[in-house]
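Input: a single structure, listed below in C-alpha cells.
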Amino acid sequence: MAITAEQCRAGRGLLGWTQDELARNARVSRATVADFESNSRRPMVNNLASIEDTMFACGVEFIAEQGVEGVGVRFRERKLQFIKNVRIDTFEGRVTVPMIYAGQEFRCVIPRDVMEDHLRLSGDKLLQSEEDYRSAANEMLHQVLAAVERNLRSGHNPDGDHFILRSDMLN
C-alpha cells in the first residue's frame, strides 16, 4: 500500500515529529517530505518506502481504504524489540542484530550481499571494514526492522534462533 500525503502528515503527528525529523530518520531530504505532504509531487518509490518503513518501525500503522471507509493512521501493537548490541562479523560478511518478537528471542542475520544490494553498493564502495558495516547497518535499520516485523506478522518464523534477512524481504 502506498501511503497518501494526508497519512504521512497524520503519522508524523502521531509521532510528534517535524518534517525535518521525519526526513532525517527516513534518510530523505526535507523537500521530499514537504513536497509530498503538500501534494506538490509524489516521492520516488524508494523514498516513499523509506518514509513509510520509518514510521512503521516506530509503531505507526497505515490503514488502507476499505469500501466506504477512508484511509487512516493509528498506533499498532509493537511486538518486535531489538537490542542495540549489533554484532559485526567482517570475516563471515554479516551483521547480526539481537531481537525479541512476542517474547521469543532470536538473532536477525543481515548478509553482506543483502546490505550491498539494498544500498546499491559496487566497486570500491563495497563493504570491507567494520566501520563500513556499521554505517550500512545504521542506514538501513528502520527498513530491516519493518521487513522483519512484517515477515514475522505474516507467519514467517525464525529458523531456530536465527532469522536470515533476504533482499526480497526489503522490497
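The values are calculated or read from the model by the stated rules, or taken from the named source; none is laboratory data. Just so we're clear, the structure is a prediction, and the values are computed from it rather than from any experiment. Don't worry about glycine lacking a Cβ; one is built from the backbone with ideal geometry, like all the others, and counts go over all protein chains shown.
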Discussion item. So, in the range 53-63, how many residues would count as being touching a Leu at 6+ places or on another chain (Cβ under 8 Å) and either assigned by TED's automatic domain parsing to the domain that holds Glu149 or in a strand (DSSP E or B) (or both)?
Written reply: 1
Worksheet entry | Which numbered condition Gln66 misses (of (1) over 21 Å from Ser50 (Cβ atoms); (2) without any contact (Cβ under 8 Å) to a residue 24 or more places away in the chain; (3) not assigned by TED's automatic domain parsing to the domain that holds Arg24) | (3)
Item to complete: State which residue is nearest to Arg153 (Cα to Cα) when the search covers only the range 75-133 and only residues that are part of a loop (DSSP other than H, G, I, E, B) and polar (S, T, N, Q).
Response: Asn85
Discussion item. Taking the conditions exactly as written (over 30 Å from Gly16 (Cα atoms), more than 17 Å from the chain's Cα centre (by Cα), surrounded by fewer than 18 Cβ atoms within 10 Å (Cβ to Cβ) and among the small types (Gly, Ala, Ser)), does Gly160 satisfy them or not?
Written reply: yes
Worksheet, complete the sentence: Residue set Ala136, Ala49, Ala146; condition under 30 Å from Ala5 (Cα atoms), touching a Leu at 6+ places or on another chain (Cβ under 8 Å) and surrounded by 14 or more Cβ atoms within 10 Å (Cβ to Cβ); output residue Ala136
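Name the one entry in Glu21, Glu6 that is touching a residue at least 24 places away in the same chain (Cβ under 8 Å), surrounded by fewer than 18 Cβ atoms within 10 Å (Cβ to Cβ) and not in a loop (DSSP other than H, G, I, E, B).
Working: Glu21 fails: touching a residue at least 24 places away in the same chain (Cβ under 8 Å).
Of the residues listed, the single one that is touching a residue at least 24 places away in the same chain (Cβ under 8 Å), surrounded by fewer than 18 Cβ atoms within 10 Å (Cβ to Cβ) and not in a loop (DSSP other than H, G, I, E, B) is Glu6.
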